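Student: I have a structure I would like to understand better, so I am pasting it below and will then ask my questions one at a time.
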Amino acid sequence: MTLQDAVDLSTTFAAIATCVLVGFGIYQLRALKRQLEMGQQATDAAVHAAEAARRAVQETMRARIDGQVARVVVLSEDPTWPPLRNPLLADMPNASEPRLFDLSTLHGSPEVGSDDLIFPEDSHQLMWFVVRGIITNEGPSTARIRLDGEGRFIEGESSLLPGISIACPPLAGGWRGNPSYLFREHILRPGQTALFEWAAGNSTSEWAEKHDAGVPAGGSVTLTVFDSAAHGVVDTVKVELQGRPLQPVPQRVGHWRLTHTLDDHMGITVWPTQRQYRGEERPT
């Protein structure tokens, strides 16, 4: 064997050794990757198991709370027909303005008649509906209820419970000095029913503009229910009115009048109750 052959053989062995080391390194990297993947899978499984356990505990706590707190059911009548209009108001009142259920506002809001509304003369009048509903506490504990919007609790009868006189629920302590019906909280004991009314309105021009729109004009009120338990719940129920009460008068530009009937033109939606548990953190 010549010196060159020895050098070539040594180089070949070195190359083979390098390939073996590289292959071993690749094998180790693959094994390490598999170990990391298995570790990540185990971590994910542990996280999922912990989350499932947390949810199970949460649902158990919620079920226990649901069995102890107030639970309200809200039903709504159809809106009054015909609606009212006030020539001195163009929009729903702000917080510092007279309320729609104040006697002065009610006396200045006659029913919309059969005469045409002529724009622009009559385009800046508030046309509003009165809607009545009932709320019943079907839970085992007392609830405090607030109407967030242009609404109030009253005494009287409802078409939903014909022949039954419904008393106005008592005010919660500390609210009797409030001269307005806004922000007042009323007490509703287990099994009791309360009657409420609320107002929804827009300017006559807005009712007319929304006649051909995809979403009709309207308004809403929210009932916020506070349970008496220290770690109870806060429920909110939204009641919404939408519709197209005005229609254009054929061959009379700028003339609008009420639709013939309430049916198929005005609708009330009582949205499902949204419940928040006081002992849980609010989502950020």
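Student: How much length, in nm to one decimal, is gained on full extension between Ile164 and Phe119, taken as 0.36 nm per residue of separation minus their Cα-Cα distance?
Tutor: Full extension of this stretch gives 11.8 nm more.
Student: Follow-up. Suppose R0 equals 41 Å. What FRET efficiency, 1/(1 + (r/R0)^6) with r the Cβ-Cβ distance, do Leu106 and Arg278 give to the nearest 0.05?
Tutor: The formula returns an efficiency of 0.60 here.
Student: Ignoring ligands, DNA and RNA, please state the percent of accessible area on segment 113-214 from carbon and sulfur, probe 1.4 Å.
Tutor: 50
Student: With label points built 7 Å along Cα→Cβ from the Cα atoms of Gln68 and His211, find their separation and express it in nm.
Tutor: 5.7
Student: Then there is this: Between Gln40 and Ser141, what FRET efficiency follows from the Cβ-Cβ distance if R0 is 45 Å, with the result rounded to 0.05?
Tutor: Taking R0 as 45 Å, the efficiency between Gln40 and Ser141 is 0.45.
Student: Describe numerically, in nm with one decimal, the distance between label points set 7 Å from Cα along Cα→Cβ at Asp148 and at Leu75.
Tutor: 2.6
Student: Still on this structure, please answer the following. Pop the C-beta distance of Thr261 and Met61 into the FRET formula with R0 = 45 Å and round what comes out to the nearest 0.05.
Tutor: On the way: r = 50 Å, r/R0 = 1.10.
Given R0 = 45 Å and the Cβ-Cβ separation, E is 0.35.
Student: Hey, another quick one. Once you place label points 7 Å from the Cα toward the Cβ at Ser96 and Thr224, how far apart are they in nm?
Tutor: Between Ser96 and Thr224, the simple spin-label model gives 2.2 nm.
Student: Which semi-axis lengths, in whole Å and largest first, follow from the square roots of five times the eigenvalues of the Cα gyration tensor of segment 190-284?
Tutor: The three semi-axes for segment 190-284 are 39, 15, 9 Å.
Student: If you roll a 1.4 Å probe over the heavy atoms of the protein chains, what accessible area per residue do you get for segment 182-267, in Å²?
Tutor: 45
Student: Any chance you could tell me what percent of the C-alpha pair distances in segment 121-240 go past 19 Å?
Tutor: 55
The values are calculated or read from the model by the stated rules, or taken from the named source; none is laboratory data. The structure presented is a predicted model; accordingly, all values stated were derived computationally and were not measured. Cβ: placed from backbone, ideal geometry, glycine included. Neighbour counts: every protein chain shown. Remember, those area values only see protein heavy atoms, side chains included, never the ligands or the DNA or RNA. Shrake-Rupley method; radii C 1.70, N 1.55, O 1.52, S 1.80 Å.
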